[in-house]
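Following: one structure in structure tokens, then a few remarks.
Here, each number is a calculation from the coordinates, and none is a lab measurement. Computed from a prediction, not measured in an experiment: that's the story for all the values here. Here the Cβ positions follow ideal geometry from the backbone for every residue, glycine too, while neighbour counts run over all protein chains shown.
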Amino acid sequence: MLYIGCHLSSSDGFLAMGKTALALGANTFQFFTRNPRGSKAKAIDSADAAAFRALAAEHGFGTIVAHAPYTINPCSKDQHTREFARMTMADDLQRMEYIPGNVYNFHPGSHTGQGVETGIAQIAETLNAILTPDIRTTVLLETMAGKGSEVGSRFEELREILDRVTLGDKMGVCLDTCHVSDAGYDIAGDIDGVLTEFDKIIGLHRLRAVHLNDSLNPVGAHKDRHAPIGEGYLGIDAFRRLVSHPALQGLPMVLETPNDLPGYAEEIALLRRLHGEQ
Ligand code: FE
Ligand code: FE
Ligand code: ZN
């Protein structure tokens, strides 16, 4: 089963996102837990969350992906910035309990000159402060492009963070195809090699979601500029292999390409064709 969807605006609530996803031919989606500025989030409407859960069950949705605001930074050199990230993520995890069993993805952060090791320690510290045994959400570290002082562009760095988290069974990884390529992993040319490396360093059982993005830049560029599927350096054949790869079956695959909703509908249809569906 291919669980494919795209990033959607959360402004009208869960049920509206679920209906939009269905209209686009999607059976999963991603949304920001709050606006990217990371300010106060709207209260969750429990009736809306319940209506969405029923819709998702009725239509066989896969796991859906909540994305933390990309502006938070759990490993900033500024202590207030780190505290803000921790408070935001803790609050998001409370809110995720309205849609249990899904995933919450975040960018590990940028060490802002402190060095990768300090960054890794602070990210793990944040996770250890917010994870509790009762949460029903899996928290995902996103693979990063390695722009600026970003932590998490190397599989080894993600592994180090995971190793330091006490409640490790609450953790997983989201693989972003543009980011891993930009980080230097040739996912377009050698998907088996990259997934074998992922398995060796992190473990494929940790892989819980995929971001499907082409890249405007070649392998190792460290730029993080997404392109529509087939219009970047990864190319259409890479996505055919990705959606059909045995190691990735059943994972939510989410588009974050520069697109409007009709464009997403076309990309979803394209990926379904590449997967061998009608
Ligand atoms: Fe992201
Ligand atoms: Fe991404
Ligand atoms: Zn990106």
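Key figures for this structure:
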{"quantity": "Spin-label proximity, ALA47 to the stretch 3-37 - amide N less than 16 Å from point 7 Å beyond Cα toward beta carbon", "calculated": "13-16"}
{"quantity": "Given charges at Cβ of Lys, Arg, Asp, Glu: the chain dipole, positive-most of LEU140, ALA43, LEU162", "calculated": "ALA43"}
{"quantity": "Stretch gain in nm, segment LYS223-THR71, where the contour uses 0.36 nm per residue and the Cα spacing is subtracted", "calculated": "53.0 nm"}
{"quantity": "Solvent-free Debye scattering, log10 I(q)/I(0), computed from the Cα coordinates of the stretch 36-174 at q = 0.16, 0.18 Å⁻¹", "calculated": "-0.81, -0.99"}
{"quantity": "Relative contact order, percent, the chain [alpha-carbon distance under 8 Å, six or more residues apart]", "calculated": "19 percent"}
{"quantity": "For ALA43, net neighbour charge (Lys/Arg +1, Asp/Glu -1) across residues whose Cβ lies under 14 Å away", "calculated": "-1"}
{"quantity": "Sequence ranges 156-162, 217-223, ranked by mean other-Cβ count within 10 angstrom, highest first", "calculated": "156-162, 217-223"}
{"quantity": "Projected label distance in nm at THR132 and THR118, using a 7 Å step from Cα toward the beta-carbon", "calculated": "3.2 nm"}
{"quantity": "Fraction of antiparallel bridges per DSSP, the stretch 3-274 only, in percent to nearest 5", "calculated": "10 percent"}
{"quantity": "Neighbourhood net charge (12 Å Cβ-Cβ; Lys/Arg +1, Asp/Glu -1) for ASP163", "calculated": "0"}
{"quantity": "More than 31 angstrom apart: percent of Cα pairs within the stretch 3-274", "calculated": "21 percent"}
{"quantity": "Fraction of antiparallel bridges per DSSP, the stretch 140-278 only, in percent to nearest 5", "calculated": "15 percent"}
{"quantity": "Within-10-Å neighbourhood charge of PRO108 [Cβ basis; K, R +1; D, E -1]", "calculated": "-3"}
{"quantity": "Lysine pair number, Cα distance threshold 28 Å (strictly under), the chain, separation 8 or more or different chains", "calculated": "14"}
{"quantity": "Theoretical FRET efficiency, 1/(1+(r/R0)^6), r = Cβ-Cβ of ALA57 and ASP12, R0 25 Å, to 0.05", "calculated": "0.80"}
